[in-house]
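Encoded as structure tokens, the structure appears first; notes follow it.
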Amino acid sequence: MIDVTSHHQYASQRSAVSGLAPLVVIVFSGILVVGAPLPALSLYVHEQLGFSSFTVGWVIGIQSIVTVVTRHFAGTLSDQHGPRWVVLRGLPLASLAAGFYLASAVLPVSPHARLALLIAGRVLLGFAESLFITGTMSWGIGRIGAARTGRVMSWQGIAMYAALGLGAPLGLALHSTYGFAGVAVLAIATPLFAMLVALLLPPVPASGSDSVPVYRVLRLIWLPGVVLALATVPYAGMAAFLPLDFSTKGWAGAGVAIACFGIGYVFVRLIASDLPDRLGPARVVGASLAIETLGQLLLWGATHPALALAGAALTGIGFSLVFPAMGVMATKRVPAEMRGRAVGNFIAFFDVAIGLTGPVVGLLTGAMGYTSAFLAGTLAALAALALMPVVYRMGSLPTPGGASRH
């Protein structure tokens with residue numbers, strides 16, 4: 001039995017490095033199962049299996065659709081059983097999901113059967129990712145204290161997008177050399193390594209056990225979540241359709257462009273992660289969205305690969321601080337015993353964007369070409385900017401009564 005009071009006192013004294021570094025390793029290794037196959041999926045489904053860009057969108061998006069509908073459940077499990085318990089269920093499930101990728105790549109069956117195996121893996125991965133990401137976020141807050149929630153989200157966000165950004169060129173390189181089977185083998189291995197690290201860490205106390213309807217959580221966090229969702233559309237469209245856009249134009253370096261996104265994202269996190277605390281989350285997000293819009297405009301109008309690389313980097317720079325800034329605003333509005341559910345439901349807005357962007361933008365690119373994905377990203381970032389006056393007002397309001405215990 002964990003002494004909750006002494007644990008909270010120790011957590012507040014633990015350094016961010018010692019508290020979060022192991023979780024950064026877990027998140028980075030775990031998210032490689034998502035990031036490495038992501039750009040290779042579009043090439044595999046479209047060029048090898050022969051399906052349309054609309055199908056590409058659905059294959060990519062279905063994982064996040066599943067994640068959306070399971071985030072609240074994952075948060076509930078984290079609150080009831082503790083974050084470590086949830087993480088140690090999610091990571092092996094992610095490895096199993098990648099096993100379906102490998103089966104799709106190597107089994108001598110029809111393209112439709114291969115697609116079915118791939119979709120089964122995507123569905124399974126959606127639930128697995130919901131478990132281990134929600135769990136690691138709550139685990140980090142438990143390890144260094146709720147007062148440093150922004151630091152937790154910044155560090156784990158770095159790990160997530162480093163894995164997405166660096167995983168993309170790695171996945172494309174493996175795909176070009178070994179085919180999609182090589183990508184699948186990597187995706188099987190990395191969650192298992194993350195699980196070994198997780199097994200070495202002690203648990204933190206479960207924060208609560210009462211059942212809470214999802215609408216009660218969403219009522220408190222919906223606006224930061226909507227801003228996050230709209231700001232995610234540029235990344236989602238770029239990850240899904242930038243490789244196809246480069247291929248259509250005869251350009252090399254699609255993986256480098258996605259890596260530029262990741263480098264820009266991580267660079268800003270490393271040098272400016274304290275800006276939401278110093279300047280306020282709303283001001284930081286407003287400036288970030290303006291930069292992200294500029295990046296998408298560059299990608300949309302790019303006539304040379306160098307312009308596309310610059311656009312991808314600006315998109316990463318602009319998106320970098322949206323997640324922690326809006327995440328701090330969201331988690332401060334809920335009581336501590338609902339923290340896991342708040343984290344899960346907030347991240348679900350990211351999943352909604354990934355899930356809907358794939359098929360919706362897939363329809364758009366089918367009619368207007370792959371470059372139109374960046375027009376959609378521009379419009380989404382502008383819509384998020386239009387919400388900023390409401391975000392400013394929310395930031396000036398007192399948190400709900402129960403949230404003072406956070």
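The numbers here are math on the coordinates, done by the rules we state, and not lab data. Quick caveat, the model's predicted, so the values are computed rather than measured. Glycine gets a Cβ as well: all are built from the backbone with ideal geometry, and neighbour counts include every protein chain shown.
Tabulated values for the structure
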| quantity | calculated |
| --- | --- |
| Proximal charge balance of Leu49 [Cβ under 15 Å; K/R count +1, D/E count -1] | +1 |
| Gain in span if fully extended, Leu96 to Ala173, counting 0.36 nm per residue against the direct Cα distance | 25.5 nm |
| Neighbourhood charge, 13 Å Cβ-Cβ cut-off, centred on Gly369 and excluding it, Lys, Arg +1 and Asp, Glu -1 | 0 |
| Label-point separation, Ala113 to Trp85 (7 Å along Cα→Cβ), nm | 4.1 nm |
| MRE, 222 nm, helices only [DSSP H, n ≥ 4, -39500 (n - 2.57), over the chain, to nearest 500] | -28000 deg cm²/dmol |
| Dipole of the stretch 189-299, positive end: most advanced residue of Met238, Val197, Leu228 [Cβ charges, Cα centre] | Leu228 |
| Helix axis angle, 322-331 relative to the chain longest principal axis, alpha carbon, degrees | 30 degrees |
| Spatial separation of Cα centroids for the stretch 175-236 and the stretch 68-114, in angstrom | 11 Å |
| Cβ-based net charge around Pro305, under 15 Å, with every Lys or Arg adding one and every Asp or Glu removing one | 0 |
| Point-to-point label distance, Ala120-Ser247, nm (Cα→Cβ direction, 7 Å offset) | 2.5 nm |
| Added length on full extension, which subtracts the Cα-Cα distance from 0.36 nm per residue, Asp277 to Met394 | 40.5 nm |
| Point-charge dipole on Cβ atoms (K/R +1, D/E -1) for the stretch 60-215, about Cα centre, debye to 20 | 140 debye |
| Which of Met329, Met195 has the fewest Cβ neighbours within 10 Å, and the rest in rising order | Met195, Met329 |
| Farthest positive-ward along the stretch 18-405 dipole, Cα basis, beta-carbon charges - from Gly150, Cys260, Leu321 | Gly150 |
| Average silhouette area of the chain, convex hull of alpha-carbon atoms, in square nanometres | 17.8 nm² |
| Extension gain, Ala306 back to Glu47 (0.36 nm per residue minus Cα-Cα distance, nm) | 90.7 nm |
| Separation of the Ala287 and Ala383 label points, Cα + 7 Å toward Cβ, nm | 2.7 nm |
| Ranking of Leu131, Leu49 by count of other Cβ atoms within 10 Å, fewest first | Leu49, Leu131 |
| Unit charges on C-beta of K, R, D, E only; dipole of the stretch 18-405, Debye | 800 debye |
